[in-house]
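> First the structure, then my questions, so here it is.
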Amino acid sequence: MCEQAIRVLFCSSEGAFAEVVARALGPGYEVRTIEQNDLQGTRAEQPWCDVVVLDLHDSGEYPSTEATLQLMDEIKRLDGLTPMIAIVGDAEDALARTVIENGAYDTLSSPPNMAELRLLLRRACRFRKIEKELAELRSRDLSAGRFGEMLGTSESMHQVFETSRKVASCDVSVLISGETGTGKELLARAIHRLSPRATGPLVAFSCANLPETLVDDELFGHEKGAFTGAIATRRGRFEAADGGTLLLDEIGDLPLGLQSKLLRVLQERSFERLGSNTPIEADVRVLCATHRNLEAMVEEGLFRKDLFYRLNVVQIDIPALRERRDEIPILAQHFLQQFSKQFGKGVSRFSPLAIHSLEEYQWPGNVRELENAVQHAVVMADGAAIETWHLPNNLRGDVEQPSTDRSYEEEVRKFKRRLIMRTLRECGGRKVDAARALGVARGYLHRLINQLQIQLVDEDLEVVEPEEPTPQEHVM
């Protein structure tokens with residue numbers, strides 16, 4: 001949300017209507033009303049606005065499509081990042097589709113529902129802020145928010161990167177924790193490349209769901225004849241990583257029988273191959289990664305306490321993507337540019353609704369799932385923008401391929417429901433905080449929750465479809 005007052009430029013040829021809307025918006029909005037033919041001198045007179053509201057249905061006149069597009073192009077020339085919200089008549093579906101296709105953020109019917117207009121203004125303001133951040137990051141080649149191949153602009157990711165830079169130069173064990181798909185291996189590779197061992201090898205091995213004997217052989221190797229089928233001596237991962245770094249992924253899955261052996265190797269810096277009594281020196285830095293809670297496993301007797309302390313000299317926890325939602329548009333745009341170039345397509349941006357769909361999804365697969373979703377969308381896209389129907393099915397929510405059979409009111413209702421549910425989740429179900437975050441009165445939020453039949457059940461949100469949509473209330 002915008003922390004300061006949102007600067008709104010209300011462009012209308014009916015001054016009285018514009019003044020009524022400006023007063024009805026209330027505090028938190030700095031509104032300036034102008035005639036449509038006064039746009040030329042607007043930028044020179046004062047700083048440009050955050051959002052432009054276009055009144056395209058005034059005095060009972062229906063503006064021509066050509067005139068509307070010319071007006072929108074003029075606004076884009078003044079500032080291409082300023083979002084536009086168009087007010088159209090109930091019967092102007094064709095005009096509404098035209099302005100959306102030409103880059104408008106959204107449309108409202110006339111007269112506008114003021115609570116809905118406030119929501120859209122705040123969303124549009126936040127969208128503009130994200131677009132500006134993207135432009136700044138692109139101009140800096142994203143270097144400010146990078147650590148190796150990882151990208152992150154949130155405060156939590158900055159802390160992850162800062163801690164990683166500090167430990168990279170110190171030859172200590174590091175435990176990297178985080179959910180699947182958060183980029184634990186990428187972080188480990190970045191730490192290795194910044195360490196004094198960067199010229200040495202980086203050897204990665206996953207301990208997940210492998211038999212103990214196989215893990216033992218993979219880590220420490222064997223001598224020729226050590227067992228049936230051992231026709232040659234084989235070097236293990238420890239030996240291959242000598243002078244460099246060994247990444248043990250999913251260390252929580254390491255069998256208990258091997259945990260004691262690994263502890264001894266870390267303490268003595270030597271090991272023996274299977275079938276041999278000759279110690280082999282191992283100058284190896286060990287980095288470990290896991291999605292499990294090793295402390296809880298220690299309490300349950302599933303992981304050795306002494307090994308945990310040996311590995312956990314420094315612990316770096318990568319937050320889940322749903323805990324840093326402000327990064328979703330930036331990461332999505334980064335992947336969009338990457339895959340658009342890779343596939344030779346001219347896709348350059350996401351539509352506002354597509355961005356909303358990405359932000360509202362829970363992302364159980366984290367950044368890896370987001371990357372796959374954007375790749376899917378780029379493949380499916382036909383034009384310059386990714387729309388909601390280009391996304392994978394599980395991200396579309398209630399939005400499907402456009403259809404002339406679906407009403408505008410139903411689309412607005414579905415949008416409100418998703419927005420309120422997401423805000424309630426972020427506020428832990430606290431309606432007072434949710435109303436404050438949305439910028440609406442608490443009573444109005446209660447009415448919306450009842451109309452949309454959103455229920456808080458066992459600290460989780462559940463939606464029950466009403467039999468018929470409730471008519472919208474207009475505050476004018």
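> Which pairs do you get when a residue that is surrounded by fewer than 16 Cβ atoms within 10 Å (Cβ to Cβ), found in the range 2-24, comes within reach of a residue that is aromatic (Phe, Trp, Tyr) and at pLDDT 80 or above, reach meaning Cβ atoms under 9 angstrom, with the pair 6+ apart or on two chains?
5/29; 19/10
> Check off (1) touching a helix residue (DSSP H, G or I) at 6+ places or on another chain (Cβ under 9 Å); (2) in a loop (DSSP other than H, G, I, E, B); (3) not hydrophobic (A, V, I, L, M, F, W, C) for residue 383 and give me the number that stays unchecked.
Residue 383 satisfies all of (1) touching a helix residue (DSSP H, G or I) at 6+ places or on another chain (Cβ under 9 Å); (2) in a loop (DSSP other than H, G, I, E, B); (3) not hydrophobic (A, V, I, L, M, F, W, C) except (1).
> Looking only at the range 147-162, which residues are surrounded by fewer than 16 Cβ atoms within 10 Å (Cβ to Cβ) and over 17 Å from residue 181 (Cα atoms)?
If the condition is that a residue be surrounded by fewer than 16 Cβ atoms within 10 Å (Cβ to Cβ) and over 17 Å from residue 181 (Cα atoms), then 155, 158, 159, 162 are the ones that fit.
> Restricting the search to the range 314-366, which residues are of a type in the set (Val, Ile, Thr) and within 29 Å of residue 104 (Cα to Cα)?
Answer for the range 314-366, where residues must be of a type in the set (Val, Ile, Thr) and within 29 Å of residue 104 (Cα to Cα): 328, 330, 347, 355.
> Restricting to the range 201-232, name every residue that is part of a helix (DSSP H, G or I), closer than 23 Å to residue 291 by Cα and in contact with a helix residue (DSSP H, G or I) (Cβ under 8 Å, 6 or more places away or on another chain).
212, 215, 216, 218, 219
> Yes or no: the range 384-394 includes at least one residue that is surrounded by 14 or more Cβ atoms within 10 Å (Cβ to Cβ), of a type in the set (S, T, N, Q) and modelled with pLDDT of 75 or more.
So far as the range 384-394 goes, yes, one or more of its residues are surrounded by 14 or more Cβ atoms within 10 Å (Cβ to Cβ), of a type in the set (S, T, N, Q) and modelled with pLDDT of 75 or more.
> Considering only residues that are assigned to a loop (DSSP other than H, G, I, E, B) and closer than 17 Å to residue 162 by Cβ, look in the range 183-200 and name the one that is nearest to the chain's Cα centre (by Cα).
In this case the residue turns out to be 183.
> Now for a separate question. Answer yes or no: is there a residue in the range 354-373 that is crowded, with 16+ Cβ neighbours inside 10 Å, modelled with pLDDT under 90 and over 11 Å from the mean Cα position of the chain (by Cα).
Yes, the range 354-373 has at least one match.
The values are calculated or read from the model by the stated rules, or taken from the named source; none is laboratory data. These numbers come from a predicted model, not from an experiment. Every residue, glycine as well, gets a Cβ built from its backbone with ideal geometry; the counts of neighbours run over all protein chains shown.
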